């Protein structure tokens, strides 16, 4: 699971999609104005947009949120050799882990169980195998698959460890959602009422200042430069999974693996999940993309208030 798989979102909030002259008119009517940050987090292009009457206050909040994102990257990033996750993968254990790591691993195992193993945080050996320039042979594939087992993680506040030597984990299918939730909730605790947080996943804090939901454009998986439809978000989260995000270096497929076969999942072209929390939407979209259409309703039923839009390879659409 790689971080580029979900850049299929385009924020279309009415407050930012209208001409600047209308923005000025709304400001004159007493509505707050948008303050935005754009950058990179966990290897993905990211953004935070806050609406506030006090621009300086919003800018200070964004600085604090960026510091929180950096703290969480020190836990979950595979790109930082000293992160907790990188140390877990290198050493097979981390003593005195952060509560963040323990919580996300616990939630990962819960969703793995609910999806029949179609979501699995210990998928990293497959990514390592397919990162080579040549396709793996059956023996190497079976060796990598033997290291994929979400039940072989022991996650406690004293120690996190793998129960089998050689295992490694990627939390890219859930950690972005967790970080998105964390930032959104901190902003809410600070008194902000209108915000859109895009940190690989999208979560709306409240709704647009004019009282309408934020509108998020879903890109067409077959025509990635075109918006296929819009999803309304108010106090909810959206995550999108699709195999079009990144091809494997060995040419065997894309980066979203079926943990049970070691091959790329291909039953669906795209899955968009709306859920109350970004962490749940994040993991559910991956699980459904891998498990396929027939399992989607059962997986969604494990999270109250979750729904999904499935796009089949032929372009047809199913609302679940």
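The values are calculated or read from the model by the stated rules, or taken from the named source; none is laboratory data. All values reported here derive from a predicted model rather than from experimental measurement. Because the Cβ atoms are built from the backbone with ideal geometry, glycine has one as well, and the counts that use them run over all protein chains shown.
Pairs, please: C-beta under 6 Å, at least 6 apart or cross-chain, first residue closer than 15 Å to residue 198 by Cα and in segment 209-222, second in a loop (DSSP other than H, G, I, E, B) and at pLDDT 90 or above?
Taking only residues 6 or more apart or on different chains, the pairs are 214/208.
Against the condition at pLDDT below 95 and over 30 Å from residue 61 (Cα atoms), how does residue 213 come out, does it pass?
No: the conditions fail for residue 213.
Pairs needed: first member in segment 284-307, free of Cβ contacts under 8 Å to residues at least 24 places away in the same chain; second member anywhere, surrounded by fewer than 24 Cβ atoms within 10 Å (Cβ to Cβ) and not in a helix (DSSP H, G or I); C-beta distance under 7 Å; at least 6 residues apart or different chains.
Note: pairs meeting the criteria are 297/320.
Kindly provide the set of residues from segment 40-54 that are under 14 Å from residue 195 (Cβ atoms) and either assigned to a helix (DSSP H, G or I) or within 19 Å of the chain's Cα centre (by Cα) (or both), ordered by number.
Once the filter is applied, which keeps residues that are under 14 Å from residue 195 (Cβ atoms) and either assigned to a helix (DSSP H, G or I) or within 19 Å of the chain's Cα centre (by Cα) (or both), segment 40-54 yields 46, 47, 48, 49.
Across segment 68-80, what is the total count of residues that are under 19 Å from residue 279 (Cα atoms) and either outside any helix (DSSP H, G or I) or under 16 Å from the mean Cα position of the chain (by Cα) (or both)? Step through it out loud before you land on a result.
Narrowing segment 68-80 to residues under 19 Å from residue 279 (Cα atoms): 68-78.
Filter once more, keeping what is either outside any helix (DSSP H, G or I) or under 16 Å from the mean Cα position of the chain (by Cα) (or both): 69, 72-73, 75-78.
Summing the residues that are under 19 Å from residue 279 (Cα atoms) and either outside any helix (DSSP H, G or I) or under 16 Å from the mean Cα position of the chain (by Cα) (or both) in segment 68-80 gives 7.
Restricting to helices (runs of 4 or more DSSP H) lying wholly in segment 81-181: which have 2 or more residues that are within 22 Å of residue 273 (Cβ to Cβ) and either free of Cβ contacts under 8 Å to residues at least 24 places away in the same chain or touching a helix residue (DSSP H, G or I) at 6+ places or on another chain (Cβ under 6 Å) (or both)?
Output list reads 99-114.
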